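Peer 1: For reference, the structure I am asking about is given below.
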Amino acid sequence: MRRPALSPEAAAVLRAHRVSRRSALGVAGLAALAGCGIPGSRQTEASCVSVDTSAADRSLVFANWPQYIDVDDDGRPTLAEFERRTGIRVTYTEDINDNDQFFGKVQNQLADCRPTGRDIVVVTDWLVGRLVELGWVQRLDPAALPNVTGNLLPSLRRRAVDPQGDRAVPWQGGLAGLAYNGRVTGEVRTVDELLTRPDLKGRVTLLSELRDTMGLLLQARGHDPGDFTELEFDDALGTLRRAVESGQIRRFTGNDYAPELQRGDIAACIGWSGDIIQLAAENPEIRFVAPESGVILYSDDMVVPNRAAHRANAERLMNYYYDPTVAAQVAAYVNYICPVEGAQAAMDKIDPELARNPLIFPTPGLLARAAEFMPLTQPENRLYNDLFQVAIGA
Amino acid sequence: MTGSRSRPAYLLLLPAGLWLILFFVVPAVQLFGTSLYDPAGSLTEGYRMTWAFGNYPAALAAYWPQLLRSLGYAAAATVACLVLGLPLAYAIAVKAGRWRNVLLIAVVAPFFTSFLVRTLAWQTILSDSGLLVGLLRDVHLLGPDGRLLATPFAVVAGLTYNFLPFMVLPLYASLERLDGRLLEASADLYAGPAATFRRVTLPLAAPGIVAGTLLTFIPAAGDYINARLLGTPGTAMIGNVVDSAFLIRLDYPQAAALSFVLMAAVLLLVVAYLRRAGAAALDRVA
């Protein structure tokens, strides 16, 4: 059969589609749409003014990561207590699953100085650095945050991502280090073993997060993740490339390494301390290792985005969570590093065993080995991520 | 033809047309524009439109292996879907009788859970300590340290599983209309079952095969979830690169250029395929 001729109706539609003046205009419009470029998106306090309606509107939208606050059968105890004490109604959402994706979600609003509908968002310190650099978060009033000023863990003060120290308040901290499943392999003590030990071949995962994986690799090569040169980065990247090419590395992961480590498909990995505590609670053979060469300390911070209308309410919440008793309640549930001094004593009354856990209340010895990854400018971010992403296959 | 008679046709096209313009044409044009921005731009400084056509060869030079791999994996998954889907669709359409609806629902049922969860389930199925790998090791199809997860096989298997219904449903739709009398006639004319299948059933299923192939191949070529969850650094597909360029490296011009390269590559393959297979299929129906 020949292909059927066009029906008269379809032929009429097609005929009407010869280039007319109207469609020429359309093409010109599309060209304009394509051709305008994107302006720079940095904001300042003068270019993007936020108005605080906290006094009249006693509400607050708090966007956090899933399973990152204390819960019981009735809801979220510490949050309910905050509402009772202050009369501020909190809308708590768990809509942040990934820093890069969350940034993609809100970047258009923040670039145009439009509200995101969130008063507090919790993002990882390196993203805080980017938001501060872009001028996309509001300055906080230290006078409204006496608990934070008094109780913030010293190693989380004066951080490079927040040079003025007045934009971000840590929610929880964590360590990136090594972990292994003792059921399927012997102890793994160093990054070098992880990258080269023959019995681990094809059973190692690393994190797809540049700062965690490359931070540990830089430390293993004797470089400081807080202050390194391009040459030093290349040196550490060389060890990564060799491990990938030899087939040692099975995969680069986000949080999804946890079930594979649990099953034993992965014998050893780079992972986050809070995940490992939770895995170890079910399976004691899973252990976290802080290698001698060092670990990476990071924090997830609360920030108030531009145009959020409840900054003062947000500050009250931040201050509330720096009460050591409240902080201990959260830490007992989430098992990450508690950024609040004094919470350890309060935790002793809730759960003495957790109070002695160095991954929740790190010892001075562990903190001495912990380094922060240096904040990257936009061009540095591009350069290092290009190199890293190519090395990990994407 | 007068204007008044063609007006209903326009009105009928209006909803879909508006939809396409708003959600495909406008974003596609913007994306094309983005692909020509100054590659030295950044979020802070902004991106100037410099008609940088050099972004295309640069992106291709850096990422042609991932592009070829994507097309290869998608082709392999499409063939696997066809091999699995044809007997299945035939059985449902011709042999299932009153079980037909139940089986059709079973084919579609996986869609009731999220794509991500379905793919994660394959991590369990293909796990090194799972039943399947244990069995394959016992019969020495896999070495003692052999594995399925984090191999190209796992990625293609995941793609095949995730897109199988897109193959089965069009195949079913064309086989379901199969006239049993044609098969009888074929048998009367001394064709064995094999010859009947090859000379009668297959040509009648051709439109379904063409549609199923396209519906499977096109999304599979752009997929990045299977490669991320079931693959290894050596199995990254072009979708993984676009994802990393857009979200992590923030290299919008390169990300947009790669998206367009993928679109163009798939379009070229589809046109070539339709010219050969599509015309042949229609010819055979007659």
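Peer 1: Quick one: Karplus J couplings for the stretch A:372-389, per residue in order, coefficients 6.51, -1.76, 1.60, θ = phi - 60°, nearest Hz, x for Gly and Pro?
Peer 2: Listing the rounded values in order: 9, 6, 5, x, 9, 6, 4, x, 5, 4, 4, 4, 5, 5, 4, 4, 5, 5 Hz.
Peer 1: For chain A, the longest stretch holding no GluC sites (Glu not before Pro) located in a DSSP loop with at most 14 other Cβ atoms within 10 Å is which?
Peer 2: Counting at most 14 other Cβ atoms within 10 Å as exposed, the longest clean stretch of chain A is A:293-394.
Peer 1: Mind computing the radius of gyration and Dmax over the alpha-carbon atoms of the stretch B:63-285? Å is fine for both.
Peer 2: Expressed in Å, the Cα Rg and Dmax of the stretch B:63-285 come to 20.0, 66.
Peer 1: Let me ask something additional. With every protein chain left in place, what is the accessible area of residue A:105 in Å² (1.4 Å probe, nearest 10)?
Peer 2: Only protein atoms counted, so the area is about 110 Å².
Peer 1: Additional query: Summing Lys, Arg as +1 and Asp, Glu as -1, what charge do residues with Cβ under 12 Å from the Cβ of residue A:162 carry, residue A:162 excluded?
Peer 2: Surrounding charge for residue A:162 is +1.
Peer 1: Please compute the per residue accessible area over chain A with all protein chains in place, 1.4 Å probe, rounded to a whole number of Å².
Peer 2: Details: 17150 Å² over 394 residues.
In whole numbers, chain A has 44 Å² accessible per residue.
Peer 1: Follow-up question, since we're still on this one. Rounded, prolate or oblate: which one fits the stretch B:68-147, using the alpha carbon gyration tensor with axes a ≥ b ≥ c (rounded when a/c is under 1.5, else prolate when a/b beats b/c, else oblate)?
Peer 2: It comes out prolate by the Cα gyration axes.
Peer 1: Let me ask you something else. Convert each backbone phi in the stretch B:85-92 into a coupling constant with the Karplus relation 6.51 cos²θ - 1.76 cosθ + 1.60 (shift: θ = phi - 60°), then list the ³J(HN,Hα) values in order as whole Hz, x for Gly and Pro.
Peer 2: With the stated coefficients, the stretch B:85-92 comes to x, 5, x, 4, 4, 5, 4, 5 Hz.
Peer 1: Can you give the accessible area of residue A:57, probe radius 1.4 Å, in Å² rounded to 10?
Peer 2: 60 Å²
Peer 1: Which ³J(HN,Hα) values, rounded to whole Hz and listed in residue order, are derived for the stretch A:58-71 from phi using the Karplus coefficients 6.51, -1.76 and 1.60 in 6.51 cos²θ - 1.76 cosθ + 1.60 with θ = phi - 60°, glycine and proline given as x?
Peer 2: Result, rounded to whole Hz: 8, 9, 6, 10, 10, 9, 9, 7, x, 6, 10, 8, 5, 9.
Peer 1: Mean residue ellipticity at 222 nm from the helices of the protein assembly as shown, using -39,500 (n - 2.57) per DSSP H segment of n ≥ 4 over the full residue count, to the nearest 500 deg cm²/dmol?
Peer 2: Result for the protein assembly as shown, helices only: -16000 deg cm²/dmol.
Peer 1: What is the Cα convex hull volume of the stretch A:109-202 when expressed per residue in Å³?
Peer 2: Expressed per residue, the convex hull around the Cα atoms of the stretch A:109-202 is 189 Å³.
Peer 1: With all protein chains present, calculate the accessible area of residue A:325 using a 1.4 Å probe and round the result to the nearest 10 Å².
Peer 2: 80 Å²
Peer 1: Something else: Please build a GNM for chain A, connecting alpha carbons under 10 Å apart, and tell me which residue among A:369, A:167, A:307 fluctuates the most.
Peer 2: Taking springs between Cα atoms under 10 Å, the residue moving most is A:369.
Peer 1: Under a 5 Å amide H to amide H cut-off, with H placed in plane at 1.01 Å, what residues pair with residue A:295 once short-range neighbours are removed?
Peer 2: Amide H neighbours of residue A:295: A:370, A:371.
Peer 1: Give me the percent of Cα-Cα pairs in the protein assembly as shown that sit more than 50 Å apart, rounded to a whole number.
Peer 2: Summing the P(r) of the protein assembly as shown above 50 Å gives 23 percent of all pairs.
Peer 1: Explain nothing, just the number: relative contact order of chain A, from Cα pairs under 8 Å at least 6 residues apart, as a whole percent.
Peer 2: Across chain A, relative contact order equals 25 percent.
Peer 1: As a test of reading the structure, rank B:53, A:288 by solvent-accessible area (1.4 Å probe, protein chains only), most first. Don't skip to the end; give the middle numbers.
Peer 2: Working: B:53 115, A:288 40 Å².
Putting B:53, A:288 in descending order of accessible area: B:53, A:288.
Peer 1: If you project the alpha carbons of chain A onto the principal axes, what extent comes out on each, in Å, largest first?
Peer 2: So the extents along the principal axes, rounded to whole Å, are 82, 63, 45.
The values are calculated or read from the model by the stated rules, or taken from the named source; none is laboratory data. Here the structure is a predicted model, which means the values were calculated and not measured. Glycine also receives a Cβ, built like all others from the backbone with ideal geometry; neighbour counts cover every protein chain displayed. The area values use the complete protein model at the heavy-atom level, side chains included, leaving out ligands, DNA and RNA. Shrake-Rupley method; radii C 1.70, N 1.55, O 1.52, S 1.80 Å.
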